[in-house]
Amino acid sequence: MHRPSLAVLAVLCAVALDGCGVPRIPGITPYKIDIQQGNSVTQEMVSQLKPGMTKDQVRLALGTPLLNDIFHGERWDYLYWREDPAGKREQRRLTVFFEDGKLARVDGDIVAAAKEEPK
């Protein structure tokens with residue numbers, strides 16, 4: 001008598017757990033939010049940077065760096081990634097180097113566009 005009741009209980013548990021899933025309706029998908037992490041640095045923000053700027057001036061142009069390593073005080077890292085609802089990930093990286101507290105160079109995915117020489 002215990003065997004049939006265990007089988008019925010197992011089937012009932014399986015049916016109950018199946019109801020916990022999100023129903024899939026063709027053409028309708030659940031809402032997913034954009035996920036953003038880090039500092040969003042644009043080309044316009046990077047183009048404001050000039051060699052010799054102080055750390056405060058760079059912070060005003062780009063914002064507070066995501067990574068400020070105590071072992072590399074003359075280097076700031078700006079990292080950014082965004083994942084859209086479809087799962088596509090966009091990543092950007094920008095590293096700012098200082099020498100004696102002044103901006104020396106910029107490296108990364110976003111760099112200032114080269115200025116054309118007047119003819």
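Every number here is computed from the coordinates shown, using simple stated rules; none is lab data. Since we're looking at a predicted model, the values are computed, not measured. Because the Cβ atoms are built from the backbone with ideal geometry, glycine has one as well, and the counts that use them run over all protein chains shown.
Which part of segment 85-100 falls in the paramagnetic zone of ASP109, meaning amide N under 12 Å from the point 7 Å along Cα-to-beta-carbon? Flagged as within label range: 89-95.
Can you work out the FRET efficiency for the pair LYS55 and LYS32, with r the C-beta to C-beta distance and R0 = 41 Å, to the nearest 0.05? Kindly include the intermediate steps, with their values, before the conclusion.
On the way: r = 38 Å, r/R0 = 0.94.
Taking R0 as 41 Å, the efficiency between LYS55 and LYS32 is 0.60.
Using a cut-off of 13 Å between beta-carbons, work out the net charge of the residues near ASP34 (Lys and Arg +1, Asp and Glu -1, ASP34 not included). Around ASP34, the surrounding residues sum to +1.
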